1. For segment 46-65, state whether one or more residues are at pLDDT below 90 and either in contact with a Leu (Cβ under 8 Å, 6 or more places away or on another chain) or in a helix (DSSP H, G or I) (or both).
2. Determine whether S36 is among the polar types (S, T, N, Q) and open to solvent by less than 70 Å² (accessible area, probe 1.4 Å).
3. Which residue out of R19, R70 is in a helix (DSSP H, G or I), charged (D, E, K, R), in contact (Cβ under 8 Å) with a residue 24 or more places away in the chain and surrounded by 18 or more Cβ atoms within 10 Å (Cβ to Cβ)?
4. What number goes with the only condition from (1) surrounded by fewer than 20 Cβ atoms within 10 Å (Cβ to Cβ); (2) modelled with pLDDT of 95 or more; (3) part of a strand (DSSP E or B) that V94 does not pass?
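The values are calculated or read from the model by the stated rules, or taken from the named source; none is laboratory data. Since this is a predicted model, take the numbers as computed values, not measurements. Cβ: placed from backbone, ideal geometry, glycine included. Neighbour counts: every protein chain shown. We work out accessible area using only protein heavy atoms, side chains counted, and drop any ligands, DNA or RNA first. Shrake-Rupley method; radii C 1.70, N 1.55, O 1.52, S 1.80 Å.
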Amino acid sequence: MGTMYGYVRVSTQDQNLDRQIIALDEYGVLKENIFSDHGFSGKDFNRPAYQKMLQTIVSGDMLVIKSLDRLGRNFDEMIDEWGKITRHLGVEIVVLDTPYLKSSTDIADVMSKMLNSILLDMQSGFAHIERDKIHERQKEGIAAAKAKGVRFGRPPKERTSEFFILKNKYLSGHISAREAAKQLCISHSTFCRWVKQYT
């Protein structure tokens, strides 16, 4: 058997990789053999550590991941990538959260390959459906909140009496828009927008 490698990924900088790294370490993957992408989405495979991992692994190696969605989130591309790693590179993939989903690099094991192909399709499909459900629930939640009058984003800044004084000075030519904006601690474009709203 070749070398055992691991791959971990989180989508945002405020997430951490500890849970995935611990799982791979417990499986027996050496920490120096773990490739990690911190703050990279799974929408495609243009990730620095992932690409470096692809250049490192060779036939006979094993790639261990915590869950299938750490590999990627695009249904069709993920299946293509699985095939590239297992069939073209000859590397076995182990998914810790889905122990029944194992690749086989043994050419004679045709039935195993067929079964795993079906399982991969199913697992990827379920992940795709679940993501769609999450997005739909988010949209419904936002729509319901808006219907109740909940406002999203930063609250608008108040137009203080100082604004109206400076607006009048600006319109009478006694002060520039930039100077007025500076005194109000807002951007030049915001000041100009406010002036349009109140003239």
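1. No, every residue in segment 46-65 fails to be at pLDDT below 90 and either in contact with a Leu (Cβ under 8 Å, 6 or more places away or on another chain) or in a helix (DSSP H, G or I) (or both).
2. Working: among the polar types (S, T, N, Q): yes; open to solvent by less than 70 Å² (accessible area, probe 1.4 Å): yes.
Criteria met by S36.
3. Details: R19 fails: surrounded by 18 or more Cβ atoms within 10 Å (Cβ to Cβ).
Sole residue among the options that is in a helix (DSSP H, G or I), charged (D, E, K, R), in contact (Cβ under 8 Å) with a residue 24 or more places away in the chain and surrounded by 18 or more Cβ atoms within 10 Å (Cβ to Cβ): R70.
4. That leaves (2) as the condition not met.
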